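Asker: Can you keep this structure in mind? I'll have questions shortly.
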Amino acid sequence: MSQEQRSSESAPRADEMPMLGLGTWQNEDPEQCAESVRTALETGYRHIDTAQAYSNEEAVGEGIEGADVPREDVFLATKVWKSSLSYDDVIHSTTESLDELGVESVDLLYAHWPAGEYDAEDTLPAFAELKDRGAIDRIGVSNFEPEHLDTAHEVLDEPIFANQVECHPLLPQDELRSYCDEHDIELVAYSPLARGEVFEVDELTEIAAKHDASAAQVSLAWLREKGVTAIPKATGKDHIEDNWDSLDVDLDDEDIETIDGIDREERQVDPDFAPW
């Protein structure tokens, strides 16, 4: 498959969110981060994910500016940290994020956690206001459970476009996936490789050998089959390209059944303030 074809396949929903993106968590060295983003975009990625808490928005913006890809072709997402989720702080911190990124608007803005200063009736109207102003195109949430999504639906007239959560073959998030399917919310998977744990799972390594692929590629292909957008973190060119090549991996029904049958529920991200 050509790079052009894979770029198209990574964004099957027209004018929406590409299903494979670059995560930038822990990519804090400014020069390295900018180079990672530029490399990813020139490899074919069109979805870049960052956050205020990552302390790299400026570098992400430099990477986008330095790539030979028009800004309008890049789906850019960032997140408001839990300490900035009061109404005024959402407006102020997002304005700062846009300045750091060097853009007039972002395609998607997430509330990073339903924690800290988060109050649905105070926080979410600020997101709606930013959308009205044209500062953001879509409203997202992150680490929300079904009950938090129910409340958000009650508060917002605007649709919730996406919920970003940890999701991978060792944490398949069946309940959340069903909820999001039912309510037309995109599910976005952070830590889609379970922070490297997928390389230790026999079922995944065996399927990878069958397809002459890596366990990472198999995991990303499985998420794609489930309709889940993945944003694997990668800094070096080799890993960026390896994840991109997951678009060439076509799992069959037997592969999917085997992965679905992995009997493990292992959460990698579990801070004290998590809502579950």
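Asker: Give just the number: which of (1) exposed (fewer than 15 other Cβ atoms within 10 Å of the Cβ); (2) part of a loop (DSSP other than H, G, I, E, B) does E241 not satisfy?
Answerer: (2)
Asker: Kindly indicate whether any position in the range 107-115 is touching a strand residue (DSSP E or B) at 6+ places or on another chain (Cβ under 6 Å), charged (D, E, K, R) and over 24 Å from W276 (Cβ atoms).
Answerer: The answer is yes; a qualifying residue exists.
Asker: Under 7 Å between Cβ atoms, which residue pairs at least 6 apart in sequence (or on different chains) link something in the range 95-118 that is within 14 Å of W81 (Cα to Cα) and open to solvent by less than 10 Å² (accessible area, probe 1.4 Å) with a partner that is of a type in the set (D, E) and assigned to a helix (DSSP H, G or I)?
Answerer: Hits for this filter: S97/E57.
Asker: Scan D202, D212, D181, D255 and give me the residue that is open to solvent by less than 30 Å² (accessible area, probe 1.4 Å), modelled with pLDDT of 95 or more and charged (D, E, K, R).
Answerer: Matching residue, one of D202, D212, D181, D255: D255.
Asker: Of everything in the range 26-42, what is in a helix (DSSP H, G or I) and of a type in the set (S, T, N, Q)? Give them in sequence order.
Answerer: Q32, S36, T39
Asker: Output the number of residues of the range 216-230 satisfying the condition of being open to solvent by 10 Å² or more (accessible area, probe 1.4 Å) and at negative phi.
Answerer: Residues meeting the conditions: 4.
Asker: Given the criteria in contact with a Cys (Cβ under 9 Å, 6 or more places away or on another chain), outside any loop (DSSP other than H, G, I, E, B) and either hydrophobic (A, V, I, L, M, F, W, C) or modelled with pLDDT of 95 or more (or both), does L223 qualify?
Answerer: yes
Asker: Now, a different point. Might you check whether a residue that is part of a helix (DSSP H, G or I), free of Cβ contacts under 8 Å to residues at least 40 places away in the same chain and touching a Cys at 6+ places or on another chain (Cβ under 9 Å) occurs anywhere in the range 190-207?
Answerer: The answer is no; no qualifying residue exists.
The values are calculated or read from the model by the stated rules, or taken from the named source; none is laboratory data. Computed from a predicted model, the values in this text were never measured in an experiment. Cβ: placed from backbone, ideal geometry, glycine included. Neighbour counts: every protein chain shown. Surface accessibility is based on the protein's heavy atoms, side chains included, excluding ligands, DNA and RNA. Shrake-Rupley method; radii C 1.70, N 1.55, O 1.52, S 1.80 Å.
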